[in-house]
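Right, one structure below, let's go through it.
The values are calculated or read from the model by the stated rules, or taken from the named source; none is laboratory data. Computed from a predicted model, the values in this text were never measured in an experiment. Every residue, glycine among them, receives a Cβ derived from its backbone with ideal geometry; neighbour counts consider all protein chains shown.
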Amino acid sequence: MEQWYPVAWAKDVIDLKPLSITLWDRHCVLFRDRSTGIYVVMDDICPHRAAPLSEGRLYERETDGEKETVLECGYHGWRFNCDGRCVDIPVVPLEKRIPAAADVGVVYATHLSINGLIFMWFGDRLKADESKIPLPKELVQADESERLFYRDSFRYFPISFSTLHENVADPTHVSWAHHGTGRDNRKTVKRSGGVDIVHENLTEGYVHARKYNQDSSKGWSDIFFQTPTAVHYAIKLGDTKSKIFLLSWTVPISWDKSKVFTLFSYLNPPKIVRLVKWFSPRWYEHTITNLVLDGDPGMLQKQYAHLQAVERDGYGSAWKKEYTLASGKWDTSVMKVRQFFDMHGWSMPYATPIPSDARSERILTRVVNDRYENHTRECQACTAALHNFTRGRTAALVGAGVSGAAALFSGIVFAALSIGGAAFAPLPLRLAGFGGTVLCILLLRLAKMLHYFMTLMTYTDIAYDLNHAD
């Protein structure tokens with residue numbers, strides 16, 4: 001359990017606003033120290049009356065000529081510095097010494113990594129080793145001009161983190177579970193080859209596998225599993241210097257809930273890729289990522305619920321009886337992930353289905369794919385876009401109503417003039433009627449388009465329809 005875990009993107013941490021995070025059922029609060037720029041993670045419990053500090057406030061105060069960021073409990077105003085030390089209790093005289101018991105229990109080590117991904121060390125901060133952060137060394141060591149990051153996203157799932165790990169490490173499911181969101185590979189998938197193990201050390205939790213394309217001259221894909229959160233794909237594109245990295249980290253929130261961070265990266269990208277990235281706002285990239293992620297969570301949640309229902313010894317052995325791994329070497333990476341959890345399940349709670357009466361019920365796919373609760377609510381880019389789209393749709397509907405009313409009024413006047421014997425209606429009247437009609441139609445189409453984007457940020461049946469279409 002003493003490892004580095006990603007907890008948030010820096011872009012989603014609002015200045016002077018604490019953010020609640022959870023890891024292994026441990027509630028913590030995350031915020032940025034404005035004086036140093038360092039991100040701080042500490043226990044989300046006020047020592048006074050156990051109120052959540054994430055419901056409090058952040059502000060800067062000046063001490064001995066230096067500014068420091070202070071977290072204030074929203075219940076009784078106890079204040080803590082970035083080291084977790086209680087520096088002020090409002091009802092206690094200033095000259096009275098504050099006891100050490102008033103300090104926050106645990107403050108964790110943090111590290112701001114590539115593209116603003118914040119990692120925390122879950123354990124003794126004195127043992128934190130930044131060299132163990134689960135990131136591809138090739139990507140970290142590359143020059144800034146050689147790499148391009150895009151689609152930095154996250155999403156919550158009501159699924160165990162071992163089930164999600166198994167899913168991400170399985171390269172063969174994409175053609176079926178996500179076939180509607182890209183090129184349909186179901187009819188062209190090859191029946192030979194598979195996944196070869198290049199290097200493995202399950203004791204340390206490291207596996208390097210390789211999957212060759214049908215035509216090996218067109219490149220290959222490396223799959224890296226690094227305990228306990230990371231599954232990374234490195235895709236070599238033929239004989240070029242370009243390489244695509246598909247990075248994912250699955251973080252355990254509780255026994256039946258996980259948070260997945262995803263990041264796409266291009267090493268030595270073509271200019272056209274940089275141009276497309278420049279024109280793609282973050283909220284739009286998230287709609288594309290979520291469209292792909294909608295493909296299989298409903299199946300995975302029901303798969304995990306079934307494994308729990310038939311679990312007998314409580315240590316995650318149900319898969320050995322329920323799975324028929326008859327796909328040869330294509331199931332190699334799945335086997336390695338399961339073997340790792342079998343080996344380390346004792347020291348990693350929730351890595352396998354838990355015993356007794358703690359069973360997960362089947363959840364409707366519509367609930368599993370609730371994008372607002374599982375993503376938009378915590379994403380600053382999508383929250384702002386949803387707010388703007390909502391206001392824009394309202395304005396478009398009002399504008400459509402006004403222009404439609406103007407067109408209707410012009411039509412009534414034109415009809416009255418015709419009845420009165422007028423040969424021609426005045427030109428301004430005809431222009432008002434035609435222009436009002438056209439503008440009304442355009443604004444209604446705009447409102448419909450904005451509603452479509454709003455749906456993509458809350459919940460949509462689009463992904464389900466795509467993934468189940470012939």
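Structure notes:
- Of the helices (runs of 4 or more DSSP H) lying entirely inside segment 237-344, the ones with 1 or more residues being at pLDDT 85 or above, outside the structural domain of F453 (by TED's automatic domain parsing) and surrounded by fewer than 19 Cβ atoms within 10 Å (Cβ to Cβ) are found at 271-278, 282-293, 297-309.
- Residue tally, condition under 18 Å from F261 (Cα atoms) and surrounded by fewer than 22 Cβ atoms within 10 Å (Cβ to Cβ), over segment 138-154: 6
- Counting only strands (runs of 3 or more DSSP E) that sit wholly inside segment 1-86, those with at least 3 residues that are aromatic (F, W, Y) are 4-9.
- Whichever residue in segment 353-401 is under 26 Å from H165 (Cβ atoms) and basic (K, R) and, among such residues, is modelled with the lowest pLDDT: R359
- Any chance G116 is touching a residue at least 24 places away in the same chain (Cβ under 8 Å), in contact with a strand residue (DSSP E or B) (Cβ under 6 Å, 6 or more places away or on another chain) and over 20 Å from T250 (Cβ atoms): no
- Scanning segment 103-129 for residues that are touching a Phe, Trp or Tyr at 6+ places or on another chain (Cβ under 7 Å), outside any loop (DSSP other than H, G, I, E, B) and either within 20 Å of R57 (Cα to Cα) or hydroxyl-bearing (S, T, Y) (or both) yields Y108, T110.
- For segment 3-38, the tally of residues that are exposed (fewer than 14 other Cβ atoms within 10 Å of the Cβ) and in contact with an Asp or Glu (Cβ under 7 Å, 6 or more places away or on another chain) stands at 1.
- Of all the listed residues (I38, I45), the sole one being β-branched (V, I, T) and in contact with a His (Cβ under 8 Å, 6 or more places away or on another chain) is I45.
- The set of residues from segment 164-177 being more than 17 Å from the chain's Cα centre (by Cα), in contact (Cβ under 8 Å) with a residue 60 or more places away in the chain and part of a helix (DSSP H, G or I) comprises E166, A177.
- If the condition is being surrounded by 13 or more Cβ atoms within 10 Å (Cβ to Cβ) and among the β-branched types (V, I, T), then segment 88-109 contributes I89, V92, I98, V104, V106, V107.
So that you can scan it fast, the table gives a plain yes or no per residue for (1) at pLDDT 95 or above; (2) out of contact with any strand residue (DSSP E or B) (no Cβ under 9 Å at 6 or more places or on another chain); (3) not β-branched (V, I, T):
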{"position": "V13", "(1), (2), (3)": "no, no, no"}
{"position": "K67", "(1), (2), (3)": "no, no, yes"}
{"position": "P90", "(1), (2), (3)": "no, no, yes"}
{"position": "E95", "(1), (2), (3)": "no, yes, yes"}
{"position": "V107", "(1), (2), (3)": "no, no, no"}
